[in-house]
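Below is one structure; the comments refer to it alone.
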Amino acid sequence: MKPTLRPVAGTGGAPDSIPAHVRSNYVECITLPARAPRRPTPPPAPGSEAGA
Amino acid sequence: MTAPSPTALDGSWRGWVAENVALGVPDGEIVSALRDAGHDAVTAAAEVERASAHPYLAAARRIAAEYGRAEALLDAYGQLRAADGGGVLERRRGVAPAEFFARYYHGHRPVVLQGLLDGSPAREWTFGGLRHRFGDVTVEVMTGREADPDHAWRYDAHRTPMPFGSYLDLVEAGPSNDNYMVPRNENWRRDGLAGMRDDIVPPAGIVPDDVLPEEMTLLLGPAGTVTPLHHDNMNILLCQVLGRKRVRLVPSFQRHLVYPRGGTFSHVDADAPDLSRFPDYASATVLETVLEPGEALFIPFGWWHWVRALDPAVTVSFHRFAVPGGNTYLSEPHSTGAA
């Protein structure tokens, strides 16, 4: 899954250091893809004291 | 909800609940797995709730979150490798030492190298010839493997001394995984087998020519020997002298997909993976090859490998390379008391 780029509405969030011609493309944040939820680990072996 | 009895789940299942809560497995899935294992729904739900609220688990969750970030980094690294030939086990002839070290040793990539043993007198070995030259030497063989599924973890209980000639008779008697002369037997250091060592010429420029016997190992056995999925803590150059071996490799950076057992072994049977029990293994990159006589396989440290002999086979491995320090080692983690 690719990260999602979310542009700032307008240019209000862009710092002054961003050149005017790219201000409209300024990205406020990058939302990273979440990893798939973990699946349960294998059940413990009989008589063991910890998970497998 | 009624508080569960402290003995509602036994110690092993409570440890399993704690492990899965800490790892962030959704509560519903933990409860479902407990029910599938025969625990009643009320007890299962209460145990998960109780574990989730425990302050010790909050600390474990923080550690697991860091572990998850490390996994994400390894997965991203795996994506880079997959896009850069990582799905193929390269087979090369005439690789110069400079390229070997740049692309494979320091690149942490396995490779099959052809021709490295050309010129070694060992290429002329036959089982009959070895019997004639070294048959009276006492060697140590690992026996009784079939009757003990955990033989790899109980090596010392399986040490059996016998004349080398008698063992070669067993090797040629037919397929078996019951006996195998594996590296930990120290046979390679025996004075009586010095002539065998002398027949192996270290690959020039890759292994120093003053490599010591203890920096090499000898593996010898019948067709059918199986070495379960495991990894070594250093780089290995596995040289196939006689017979063929089927090898499966899984990248070191996919450790979280192979269900490690005791550090260097895996719960997964790489010959017949049980994906219902070990579903993440389905996402592992499994590279497979048949190593022919005269070929050498470079296995980077930490790379998982499973090996089956297809014929009566002799393999010699080197674990010293022409680099400062002789090799690169994977260090043990701080002791936590965990199995």
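Structure notes:
- All other residues whose Cβ lies under 14 angstrom from that of B:ASN235 are scored, Lys and Arg at +1 and Asp and Glu at -1, for a net of +1.
- Farthest towards the positive end of the charge dipole of the protein assembly as shown, among the residues B:LEU130, B:GLY325, B:PRO251, is the Cα of B:PRO251, using unit charges on the Cβ of Lys, Arg, Asp and Glu.
- Buried accessible surface for the A/B pair, both sides summed and rounded to the nearest 100, is 1700 Å² with a 1.4 Å probe.
- Mean Cβ count within 10 Å, highest first, over the residues of peptides B:89-95, B:222-228, A:37-43, B:234-240: B:234-240, B:222-228, A:37-43, B:89-95
- Only Lys, Arg (+1) and Asp, Glu (-1) charged, at Cβ; segment B:87-318 dipole about Cα centre in debye: 500
- With eigenvalues of the C-alpha gyration tensor scaled by 5 and rooted, the protein assembly as shown, Å: 46, 32, 16
- Dipole magnitude of the protein assembly as shown, debye to nearest 20 (Cβ charges: Lys/Arg +1, Asp/Glu -1, about Cα centre): 980
- Ranking B:TYR259, B:TYR180 by solvent-accessible area of protein heavy atoms (1.4 Å probe, all protein chains present), from largest to smallest, gives B:TYR259, B:TYR180.
- Positive dipole terminus of segment B:63-220, leading residue within B:GLY144, B:SER176, B:PRO121 (C-beta point charges): B:PRO121
- Seen through its C-alpha gyration tensor, with square-root eigenvalues sorted a ≥ b ≥ c, segment B:222-339 comes out oblate because a/c lies at 1.5 or above while a/b is not bigger than b/c.
- With the convex hull drawn around the C-alpha atoms of segment B:25-79, the volume per residue stands at 85 Å³.
- Put the Cα centre of segment B:178-211 next to the Cα centre of segment B:87-130 and the gap is 16 Å.
- Relative contact order for chain B: 19 percent, from Cα pairs under 8 Å spaced at least 6 residues apart, divided by residue count.
- The Cα atoms of segment B:31-170 define a convex hull whose projected area, averaged across directions, is 16.4 nm².
- 5 angstrom amide H check on B:TRP304, placed H, neighbours 5+ away: B:VAL250, B:SER252
- Average beta carbon contacts from partner chains per residue of B:23-33, 10 Å cutoff: 3
- Cα gyration tensor shape for segment B:285-325, rounded if a/c is under 1.5, else prolate or oblate: oblate
- Above 17 Å, the calculated P(r) of segment B:123-189 contains 44 percent of its Cα-Cα pairs.
- Our summary gives segment B:11-77 a relative contact order of 37 percent, counting only alpha carbon pairs under 8 angstrom and 6 or more residues apart.
- In this structure the amide hydrogen of B:ARG261, modeled in the peptide plane, comes within under 5 Å of the amide hydrogens of B:SER266, B:HIS267, none closer than 5 places in sequence on its chain.
- Dipole of the protein assembly as shown, positive end: most advanced residue of B:VAL48, B:TRP16, B:LEU80 [Cβ charges, Cα centre]: B:LEU80
- Kirkwood Rh, angstrom, segment B:87-318 [1 / mean 1/r, Cα pairs]: 18.2
- Magnitude of the charge dipole for segment B:11-77, about its Cα centre and with charges confined to Cβ atoms of Lys, Arg (+1) and Asp, Glu (-1), is about 220 debye.
The values are calculated or read from the model by the stated rules, or taken from the named source; none is laboratory data. Remember, predicted model here, so these are calculated numbers, not experimental data. Positions of Cβ are backbone-derived with ideal geometry, glycine not excepted, and every protein chain shown enters the neighbour counts. SASA here: full protein model, heavy atoms, side chains in, ligands and nucleic acids out. Shrake-Rupley method; radii C 1.70, N 1.55, O 1.52, S 1.80 Å.
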